[in-house]
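The values are calculated or read from the model by the stated rules, or taken from the named source; none is laboratory data. This structure is a prediction, so every number in the text was calculated from the model and none was measured. No Cβ is skipped: glycine too gets one built from the backbone with ideal geometry, and neighbour counts run over all protein chains shown. Just so you know, the surface numbers come from the protein's heavy atoms only, side chains and all, with ligands and any DNA or RNA stripped out. Shrake-Rupley method; radii C 1.70, N 1.55, O 1.52, S 1.80 Å.
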Amino acid sequence: MKAIIQRVTKASVTVGEEQISCIGRGLCVLLGISVEDTQKDVDYMVRKILNLRLFEDENGRAWSRSVMDRELEVLCVSQFTLQCILKGNKPDFHSAMPAELAQPFYNNMLEQLREAYKPELIKDGQFGAKMQVLIQNDGPVTIHLESPAGPTDPKLLSKQEKQQQRKEKTRSKGPSESSREKAALRSKADPSASSGAEGDVSSEREP
């Protein structure tokens with residue numbers, strides 16, 4: 001999931017000639033949902049949106065307070081174009097979640113934002129509509145945010161499995177094998193050096 005989070009003095013959404021939503025000072029969040037997103041991505045985004053310290057405190061110290069700390073508003077706008085992949089100069093949106101799945105997914109995220117904060121301070125655009133979004137950026141302050149990639153990537157899983165196998169092989173080696181390896185490494189680093197075991201054997205052979 002990708003989001004563009006902007007600190008604003010005001011923001012609004014208009015569909016046709018009708019203004020359907022507006023906020024004063026707070027955050028405007030443009031949100032792009034991918035086909036791979038799950039509930040974990042929602043949880044991450046909700047937590048970050050509400051807790052990012054993008055505002056000053058009562059003494060004017062910057063980057064000290066979140067939108068919740070200041071009890072400010074949040075305007076969320078669904079924007080599938082954030083999942084764009086360019087093919088030459090042509091945008092491709094196959095990585096975006098299809099609308100019939102994305103709408104309930106997006107609505108669920110809005111509900112979580114309202115449950116975690118004050119419902120009346122969470123505003124929304126109109127899903128799937130051609131919207132005019134007016135954003136008066138304050139600062140300007142703009143944060144690009146992506147939810148962490150899950151461990152479902154086959155390459156990541158393969159890498160983790162190989163690392164685990166190496167750890168298991170290391171643990172399964174006996175002490176004698178391990179000591180021989182250490183001695184070999186020492187002899188490569190310093191040919192004149194000998195292990196303690198070799199010293200014992202040579203002393204035993206002396207008359």
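So the values come out like this:
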read-out	value
19 Å Cα-Cα threshold exceeded, pairs from Lys10/Lys48; Lys10/Lys123; Lys40/Lys118; Lys87/Lys130	Lys10/Lys48; Lys40/Lys118; Lys87/Lys130
Inter-site label distance for Glu115 and Val35 at 7 Å from Cα along Cβ, in nm	2.9 nm
Long-range tail of P(r) for the stretch 1-152 (Cα pairs > 23 Å, %)	36 percent
Residues of the stretch 2-154: accessible area per residue with a 1.4 Å probe, Å²	56 Å²
With all protein chains modelled, accessible area of Thr142 [1.4 Å, Å²]	80 Å²
Using θ = phi - 60° and Karplus 6.51 cos²θ - 1.76 cosθ + 1.60, couplings along the stretch 112-119 (whole Hz; Gly, Pro as x)	5, 4, 5, 5, 7, 10, 9, x
